[in-house]
Amino acid sequence: MIVARTVADLRAALRGRRGGRIGMVPTMGALHEGHATLLRAARAADDTVVLSIFVNPTQFNEQADLAAYPRTEEADLELAAAEGVDVVFAPDAGEMYPPGFATTVSVTGPIAETLEGAERGRAHFDGVATVVTKLLLAALPDTAYFGAKDAQQVAVIRRLVADLGIPVKVAVCPTSRDDDGLARSSRNTRLSSDERARALAISRALQEVTDAAARGFADTEALRARALATLAAAGIHPEYVAFVDPETFAPVTRIEAPVLVAIAARVGSTRLIDNTVVVPDGYQAGGA
Ligand code: AMP
């Protein structure tokens, strides 16, 4: 396994491998089983697997969150080797943002400006879009793998890849969860045991909404009230419980087609997000 610290070294490592398929998994490190599912999807489909590890300062809206973000490079490299990664790209901030850096990739419209974009501010998805563009251009993979857990990030990346004509396929892997339902996240290590127990209300609320929608409940205000009650019972007052179109992120008032239900909440000082796509009872793609 090659560890490249510069774009030049990354490109040199990939030069002889362009005859086969290259898959890339961008991450901020502190790797867990959720990241491993992305690496396995790449390993199964591609000849060369590239993992990037970069805690991108420009996407953090809170300095305290950036400072507290877990950094576990040694363990990350072990996990990468165990998953059969060929090349790790782990640059420092100076490599990604050298002096004079002055370009921002900014996706506009509801997919970047609502929910996470509204709560964390414009700079968050600008930071994500800019760094992902740079990572994709540095490696030029055939396929890049992302997690459905960050559904809005996926929508932003799909948009910039299409708009800028970056020749990469965006593959999305399902959210990986602990056995009790908690969505895996690098931030989970910051939860106390009491907070971790309370955080389960987030996935439970999503499951209840899914079950209710499958039984024919379609009014999203009523479903939101139910989710809020489940969260409140665990002492969680979310930043949002949103029902939106999975592609446009426009708000939805009735579940008549697949709807993305997304929750963001602080549990203690740790900010968690989770989501699911609910499908109404009897729904068939293409209408009917
Ligand atoms: P991060 O390191 O948190 O920025 O995540 C890197 C990639 O892993 C992103 O595409 C995330 O959506 C994905 N990811 C993080 N957690 C999970 C999870 N529990 N299940 C699936 N993908 C995940």
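The values are calculated or read from the model by the stated rules, or taken from the named source; none is laboratory data. From a predicted model like this one, the values you see are computed outputs, not experimental measurements. With ideal geometry, Cβ positions are generated from the backbone for all residues, glycine too; neighbour counts draw on all protein chains shown. The area values use the complete protein model at the heavy-atom level, side chains included, leaving out ligands, DNA and RNA. Shrake-Rupley method; radii C 1.70, N 1.55, O 1.52, S 1.80 Å.
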Dipole magnitude of the range 146-288 about its Cα centre, charges +1 at Lys/Arg Cβ and -1 at Asp/Glu Cβ only, in debye to the nearest 20? 400 debye
Relative contact order as a percentage, the chain, C-alpha pairs under 8 Å and 6+ apart, gives 16 percent
With label points set 7 Å from each Cα along the Cα-to-Cβ direction at Thr103 and Glu73, the distance between them in nm comes to 2.6 nm
Along the charge dipole of the chain, which of Val278, Thr58, Ala242 sits closest to the positive end, that is, farthest toward it, with unit charges on the beta carbon of Lys, Arg, Asp and Glu (+1, +1, -1, -1)? Thr58
Using a 1.4 Å probe, how large is the accessible area of Arg198, given in Å² and rounded to the nearest 10? 60 Å²
Mind grabbing the accessible area of Ser186 for me, 1.4 Å probe, Å², rounded to tens? 10 Å²
Over the chain, with the other protein chains present, what is the accessible area per residue in square angstrom, probe 1.4 angstrom? 45 Å²
So how tilted is helix 220-233 from the main axis of the chain? Cα-based, degrees 0 to 90, rounded to 10. 80 degrees
Solvent-accessible area, 1.4 Å probe, carbon plus sulfur percent, for the range 102-180: 53 percent
In debye to the nearest 20, how big a dipole does the chain give about its Cα centre with +1 on each Lys and Arg Cβ and -1 on each Asp and Glu Cβ? 360 debye
Inter-part distance where the range 231-288 and the range 5-26 are each reduced to a Cα centre, Å: 37 Å
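Charges at C-beta only: +1 for Lys and Arg, -1 for Asp and Glu. How large is the resulting dipole of the range 1-137 about its Cα centre, in Debye rounded to 20? Could the numbers behind the result be given before it?
Working: 12 positive and 18 negative charges, 125 e Å.
My answer is approximately 600 debye.
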Of the candidates Asp274, Asp194, Asp47, which one comes out as most mobile in a Gaussian network treatment of the chain with C-alpha springs shorter than 10 Å? Asp194
Compute the label zone of Ala257 within the range 145-159: residues whose backbone N is under 16 Å from the point 7 Å along Cα-to-Cβ. none
